[in-house]
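The values are calculated or read from the model by the stated rules, or taken from the named source; none is laboratory data. Because the structure is a prediction, the values reported are computed rather than measured. Using ideal geometry, Cβ is built from the backbone for each residue, glycine included, and neighbour counts are taken over all protein chains shown.
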Amino acid sequence: MIPGGGDLRFDRMPPLWVPLRAFVAAPLLGAAGGVTLSAVGPAAFAQRWAPGLIAAAHLVTVGFLTLVMVGAILQVLPVVTGVPVPGTRRVGPITQLGVALGAVALAAGVGGTLPELSGVGAVLLGVGLGVFTVAALTGAWQARRNPTGRAMGLSVASLVAVAGLGVFLLAGHAGWLTLRRDLTDVHLAWALAGWVGLLVMGVSFQVVPMFQVTPTYPKVVERFLPALGFAGLIVWTAGRLGAGPVLATTGILTVVAVFGAYAVTTLRLQSRRRRKLPDPTTDAWRLGMGSLLVAVSMVAASTMGALDLAATAPALVFGVLAVFGFGVSVIEGMLYKIVPFLSWLHLQNVITSRDLVGRVKIRNMRQLLPPPRGHFTAHAAALGMLLVAVVLRGFWVRLAGLAVAVDFGWLALILIGVVRRHREDRRSIMASVG
Amino acid sequence: MERLLDVSELEPCEPLELSLAAAEDLGPGEYLRVLHRREPFPLYRILDDRGFAHRTVPGERTAFEIFVWRRTDPEARRAVDHALDR
């Protein structure tokens, strides 16, 4: 944990490498997803249940997105709300290990390489995410007066549904229970709209104005959108599980309206940036919001009967846009800022605790991580290639997988560079102490 | 005496960096008034550790105003109280 405020104590905080370890490991798991897609090739895009696709998708969604998001909640909640997640020093490593190893086991299990690992994945993810959700819900409850704290709470509550259903489905893959594929869409909706969507929304209330220097979100958006999105998901789920199609339609259209309004609001705020300097984080968030708008439009069209989202190509386009276009874009954009910020803040605390204020000079955020324009271009290219691969299939799927691997691998190198520069500065601080 | 610092249009980590530098520069009897768009929780901890007191109030021009003074400077403390009473 890093210094936040209120009752936070620097000596109770885990070392900086606890969050950084997860932030660096996550892109490597994402890269493994790209390599998997490339290795499996066209068969991965043959249908939405293709084992290679499920394996690659979960390396990205669990290995990259969830690992980063868990770390972000543990580290960012104290900074933006002043409330720490209880037991972070123990919860962090247990969760990170469970999620990282669980993602690999899950991919190997459902991907067909080692089917017996599905059960191992279920246990690892169940334990890791179980520990995390208890701690994070406690922290979010304490921070409920803050809009970000509330949205994080709803997001973590969604994670309970995602993880519960996911572990249940994995147990089905392992042969322990009957595999209920009809629950996959419920798992998917809570994962994308609840866990990823609501968390991004809550975090954005803080990080978009803070890092992109935009006006703040309208109070009505901060106060009502996350709760409305969560309610929409509950109503849709009730309708889907037997309460009737009217409820299901009402629920899903509520979710569509919430995320559509959120994306439009964010794009409008970004257009009113106070300093319009080129910034890869802002570009990544724009790409994310654009992808989100197209994805929710596809859901709306499907609900109105104008598009068959169950068909392979539309389902793949939707998945690529929601996961890679929205989720990965905004989280990569966030990492561009959060990792150097945490590193810089940590160095400031080292200087203070060693009584070296004014006697040593350290790098600022931009020097720790110069704006990674090239990397953002590679990410946008990977998204484009994934969409092309859905249409053209064949060798394009292998190329797209390679582009995804380059995107994540490059990100890992960038973040390792921040860690290296942080270490150099820390060493020079220690040398000043003598 | 008041020293005014507007960091409301700056990107992290500049607000924190400039606020800390300005606080270190305070002379006897002086306090710092930081105009900020957000409540800077990370700043508080560092200020505490460096021997500064602080108080945050809703601002007129920006969402938050943070008053910072040396804990060992009663004159600056009185000046802050006076400014907040107005």
Looking at the structure I just gave you, is residue A:19 at pLDDT 70 or above, within 19 Å of residue A:340 (Cβ to Cβ), crowded, with 22+ Cβ neighbours inside 10 Å and not aliphatic (A, V, I, L, M)?
yes
Give me the helices (runs of 4 or more DSSP H) completely within segment A:326-424, filtered to those with at least 2 residues that are within 22 Å of residue A:208 (Cα to Cα) and among the hydroxyl-bearing types (Ser, Thr, Tyr), ordered by residue number.
A:329-353
Of the residues that make up segment A:63-74, is at least one in contact (Cβ under 8 Å) with a residue 60 or more places away in the chain and either out of contact with any helix residue (DSSP H, G or I) (no Cβ under 6 Å at 6 or more places or on another chain) or surrounded by fewer than 22 Cβ atoms within 10 Å (Cβ to Cβ) (or both)?
yes
Only helices (runs of 4 or more DSSP H) wholly contained in segment B:4-86 count here; list those with 1 or more residues that are closer than 27 Å to residue A:276 by Cα.
B:14-24, B:41-49
Does segment A:182-198 contain any residue that is crowded, with 19+ Cβ neighbours inside 10 Å, within 14 Å of chain B (Cβ to nearest Cβ) and not hydrophobic (A, V, I, L, M, F, W, C)?
no
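Would you call residue B:49 in contact with a helix residue (DSSP H, G or I) (Cβ under 8 Å, 6 or more places away or on another chain) and either facing chain A (nearest Cβ under 9 Å) or surrounded by fewer than 16 Cβ atoms within 10 Å (Cβ to Cβ) (or both)?
Yes; evaluated as a whole, the condition is true for this residue.
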State whether the residues of segment B:9-29 include one that is within 24 Å of residue A:358 (Cα to Cα), surrounded by 20 or more Cβ atoms within 10 Å (Cβ to Cβ), more than 9 Å from chain A (Cβ to nearest Cβ) and out of contact with any Phe, Trp or Tyr (no Cβ under 9 Å at 6 or more places or on another chain).
yes
Looking at A:405, A:400, A:381, A:412 in this structure, which one is aliphatic (A, V, I, L, M) and free of Cβ contacts under 8 Å to residues at least 60 places away in the same chain?
A:381
Set A:172, A:166, A:229: member being in a helix (DSSP H, G or I), modelled with pLDDT of 90 or more and not aliphatic (A, V, I, L, M)
A:229
Is it true that residue B:77 is of a type in the set (Lys, Arg), over 15 Å from residue B:16 (Cα atoms) and more than 10 Å from the chain's Cα centre (by Cα)?
yes
Search segment A:318-368 for residues being surrounded by fewer than 20 Cβ atoms within 10 Å (Cβ to Cβ) and within 25 Å of residue A:406 (Cα to Cα), and hand back the single one that is farthest from the other protein chains (Cβ to nearest Cβ).
A:367
